[in-house]
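The values are calculated or read from the model by the stated rules, or taken from the named source; none is laboratory data. Just so we're clear, the structure is a prediction, and the values are computed from it rather than from any experiment. Every residue, glycine among them, receives a Cβ derived from its backbone with ideal geometry; neighbour counts consider all protein chains shown.
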């Protein structure tokens with residue numbers, strides 16, 4: 001049973017694609033530790049055995065975080081927790097990673113977004129491909145679990161770039177650490193997004209959709225958009241059929257190579273160690289509806305289009321063909 005709390009509000013950073021930025025604009029406020037601990041205490045008393053800290057970046061206030069981690073662990077030595085921290089901060093505060101491990105941090109979520117330095121620069125993420133690889137290897141060295149998340153499809157994504165992302169995930173032994181839905185996420189451009197500062201963004205977006213609260217966009221390569229639909233269909237089917245992450249990744253691997261018109265190299269995945277994770281309903285691959293305030297992108301809403309995406313990878317509407 002999992003509880004949830006926050007040790008801070010807002011974020012110091014101004015990543016161009018982040019939907020938090022238009023709301024907080026760089027404003028960051030800590031939540032007093034006694035308030036956080038009181039919240040945790042009530043949830044543990046109600047049965048929580050794990051606490052998920054929902055801060056946009058747990059290390060925004062590093063001193064606050066370190067003291068809170070120690071206090072949390074002293075009072076609840078048998079309760080685990082997870083946090084979200086930028087790659088930039090995981091590298092800057094590398095020496096504090098062992099403190100996370102020692103105080104019961106089960107895993108760290110980090111919004112990597114891309115492995116293409118050009119895309120990372122457009123998003124103003126504050127880290128590079130090399131930084132991500134370094135952090136992934138440091139976590140492996142320390143025996144810790146990193147959950148990288150991605151915005152796999154952007155207006156600047158190419159088929160070669162997408163294949164490169166998949167290769168990096170395999171090379172860094174992260175297949176089990178990446179939820180299949182993360183491989184199909186499309187860039188969200190809400191009103192007020194700093195991405196709108198870029199002329200190359202304004203050149204590819206459509207009129208603002210007041211119902212979905214997004215600026216729709218399309219990739220210049222139609223094959224990339226078709227692949228995003230296919231990957232989202234694979235992820236949805238994998239979840240519905242309790243498919244392993246390795247099985248889902250293999251299907252994405254084959255679909256991506258097929259989209260590029262090349263034969264997929266044999267995918268050699270090890271047994272893979274089991275990693276702890278939480279499901280994220282926000283990334284459930286459901287079609288955007290009028291009732292939703294968040295969209296993962298312009299996903300087709302017609303049933304026949306979803307069926308066609310499934311069919312491209314050999315999946316029927318009822319399961320595998």
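Yes or no: residue 233 modelled with pLDDT of 90 or more, under 17 Å from residue 150 (Cβ atoms) and surrounded by 16 or more Cβ atoms within 10 Å (Cβ to Cβ)? Before the answer, list the steps.
On the way: modelled with pLDDT of 90 or more: yes; under 17 Å from residue 150 (Cβ atoms): no; surrounded by 16 or more Cβ atoms within 10 Å (Cβ to Cβ): yes.
No.
Residue count for the range 113-144, restricted to those that are buried (at least 16 other Cβ atoms within 10 Å of the Cβ) and within 17 Å of residue 189 (Cα to Cα): 8. Taking helices (runs of 4 or more DSSP H) as the structural unit, those lying wholly within the range 152-252 and holding at least 2 residues that are touching a strand residue (DSSP E or B) at 6+ places or on another chain (Cβ under 8 Å) correspond to 159-171, 222-240. When the range 41-68 is examined, which residues are found to be in contact with a helix residue (DSSP H, G or I) (Cβ under 6 Å, 6 or more places away or on another chain) and closer than 14 Å to residue 5 by Cβ? Once the filter is applied, which keeps residues that are in contact with a helix residue (DSSP H, G or I) (Cβ under 6 Å, 6 or more places away or on another chain) and closer than 14 Å to residue 5 by Cβ, the range 41-68 yields 51, 58, 68.
Considering (1) touching a residue at least 24 places away in the same chain (Cβ under 8 Å); (2) surrounded by fewer than 18 Cβ atoms within 10 Å (Cβ to Cβ), the lone condition that residue 53 does not fulfil carries the number (2).
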